[in-house]
Each structure stands twice: as structure tokens, then as C-alpha cells.
Amino acid sequence: METANRSPWIALLLVQRAVSLVFLVGSIAFPFYILYRHGLSVLPVYDRGGNVIGHANYFVLSLGFSAFALLISWLCYKAAQRSLQQLRSGK
């Protein structure tokens, strides 16, 4: 009976772990896509009216965004892994 109560949680944690891995791969690939698409060039940044309000290197920005996404994805993966181990061990 107790195993039947834990099985939905195990399934959800497996899904969380799989989705975290997908986001990890996407976070690693994102800067390479930006590098392929825009290179190392500095491109204009526009406001809603179409006016140039500044310039940015999209590759450098993508590295920062990817680092943040990697951190969040890794923490979610580790939390799911830890919870799965606790559920399987019966604690």
C-alpha cells in the first residue's frame, strides 16, 4: 500500500529530472546558437518606437543568461535526484 502512494511522486520526480536535463542541454547550446547567428558583433538595441537606444554584444549577454539557466537547472536536477533517493530508500 505504501509503495502505491509513492509511485506518483516517483513519476513526477523522474519527469522533473528529465526536464532539468533538457534545460541543461538547451542552456549549454544557447550561446553557441547566438555565436553562430550573430557572431561576436556588437548589434543595436531598439526601443518600441524603433529608435536605437544602445548597443550590445549578444554573445556576452547569452553567456550570462546561460550561466543563470545552468545554475537553476542543475539545482532542480539535484533536488529531484535527492528526493528520488529518499523515496526509494523509504525515508
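Assorted remarks:
- Checking Leu87 against (1) touching a Leu at 6+ places or on another chain (Cβ under 8 Å); (2) at pLDDT 90 or above, the condition it does not meet: (2)
- Top-ranked residue of the stretch 42-64 - restricted to ones that are touching a helix residue (DSSP H, G or I) at 6+ places or on another chain (Cβ under 7 Å) and either without any contact (Cβ under 8 Å) to a residue 12 or more places away in the chain or aromatic (Phe, Trp, Tyr) (or both), ranked as farthest from Leu21 (Cα to Cα): Tyr58
- The stretch 69-89 residues that are farther than 16 Å from Gly26 by Cβ, paired with ones that are surrounded by 16 or more Cβ atoms within 10 Å (Cβ to Cβ) (beta carbon under 6 Å, 6 or more apart): Ala80/Leu13; Ala80/Gln16; Ala80/Arg17; Ser83/Leu13; Leu84/Leu13
- Where Gly64 falls short, out of the listed (1) surrounded by 11 or more Cβ atoms within 10 Å (Cβ to Cβ); (2) within 23 Å of the chain's Cα centre (by Cα): (1)
- Criterion: under 24 Å from the mean Cα position of the chain (by Cα), part of a helix (DSSP H, G or I) and exposed (fewer than 14 other Cβ atoms within 10 Å of the Cβ) - qualifying residue of Trp9, Trp74: Trp9
The values are calculated or read from the model by the stated rules, or taken from the named source; none is laboratory data. Predicted, not measured: the structure shown is a model, and the values here were computed from it. Glycine gets a Cβ as well: all are built from the backbone with ideal geometry, and neighbour counts include every protein chain shown.
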